[in-house]
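Engineer: Following this message is one structure expressed as structure tokens.
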Amino acid sequence: MIRLRSWDDFQKVMREGEIVSRSQYFVLHLATDEKFNSELNLSQNPPNTQIQKKEVQMRAGALVPKRWAKRAVTRNTIKRLIYAHLEQKHQLWPRSQAVVVRLKKEIGKSEFISATSSHLKTTINADLTELFEKVQTL
């Protein structure tokens with residue numbers, strides 16, 4: 001699995017892909033065109049990543065805007081949880097696809113007092129599990 005790095009790649013997946021699953025906090029965008037995936041900007045990958053041109057890998061990205069999660073600690077925690085779920089579930093999709101998981105609802109300070117509380121992690125994990133279960137049933 002390769003992480004999407006550039007904003008253009010995120011935009012391509014969200015614009016040309018389709019929404020395949022929604023949960024309380026997240027939306028999952030999926031782009032399936034092999035030509036589209038070969039055009040993604042791979043120059044943004046770290047230099048130690050060895051990618052052969054013939055090798056096709058699933059691409060994934062997590063989009064957690066400051067608008068919905070004000071604290072950087074909270075945004076980073078949510079991204080870590082998203083990528084952990086994607087690592088576990090990336091076998092659900094063929095390698096020729098690109099996936100973006102986007103936060104769509106505010107993570108408020110009133111509900112989640114601590115930026116990295118166990119309550120926040122439990123809620124996000126449950127919501128991500130629900131999101132990916134909906135994809136399995138399609």
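Engineer: Select from segment 74-121 the residues that are under 13 Å from the mean Cα position of the chain (by Cα), crowded, with 18+ Cβ neighbours inside 10 Å and not in a helix (DSSP H, G or I) and list them in ascending order.
Structural biologist: Result: GLN97, ALA98, VAL99, VAL100, VAL101, ARG102, LEU103.
Engineer: Could we say that ALA126 is surrounded by fewer than 19 Cβ atoms within 10 Å (Cβ to Cβ), on the phi < 0 side of the Ramachandran plot and of a type outside the set (Val, Ile, Thr) here?
Structural biologist: Yes: the conditions hold for ALA126.
Engineer: Give me the pairs, please: first residue somewhere in segment 9-28 and within 16 Å of VAL64 (Cβ to Cβ), second residue anywhere and of a type in the set (D, E, K, R) and in a strand (DSSP E or B), beta-carbon distance under 6 Å, and either six or more positions apart or on two chains.
Structural biologist: VAL27/ARG102
Engineer: Starting from segment 85-111, take each residue that is over 16 Å from LYS134 (Cβ atoms) and list its partners that are among the charged types (D, E, K, R) and at pLDDT 80 or above, counting only C-beta distances under 7 angstrom and pairs at least six apart or across chains.
Structural biologist: ALA98/ARG59
Engineer: Select from segment 1-11 the residues that are in a loop (DSSP other than H, G, I, E, B) and at pLDDT 90 or above and list them in ascending order.
Structural biologist: Correct list: LEU4, ARG5, SER6.
Engineer: Working only within segment 124-138, note down all residues that are part of a helix (DSSP H, G or I) and touching a residue at least 60 places away in the same chain (Cβ under 8 Å).
Structural biologist: Result: ILE124, ASP127, LEU128, GLU130, LEU131, PHE132, LYS134, VAL135.
Engineer: Filter segment 12-29 down to the residues that are assigned to a strand (DSSP E or B) and crowded, with 19+ Cβ neighbours inside 10 Å and list them by number.
Structural biologist: The answer is SER21, PHE26, LEU28, HIS29.
Engineer: Of everything in segment 17-48, what is among the acidic types (Asp, Glu) and modelled with pLDDT under 90? Give them in sequence order.
Structural biologist: ASP33, GLU34, GLU39, listed by residue number.
The values are calculated or read from the model by the stated rules, or taken from the named source; none is laboratory data. This structure is a prediction, so every number in the text was calculated from the model and none was measured. Cβ: placed from backbone, ideal geometry, glycine included. Neighbour counts: every protein chain shown.
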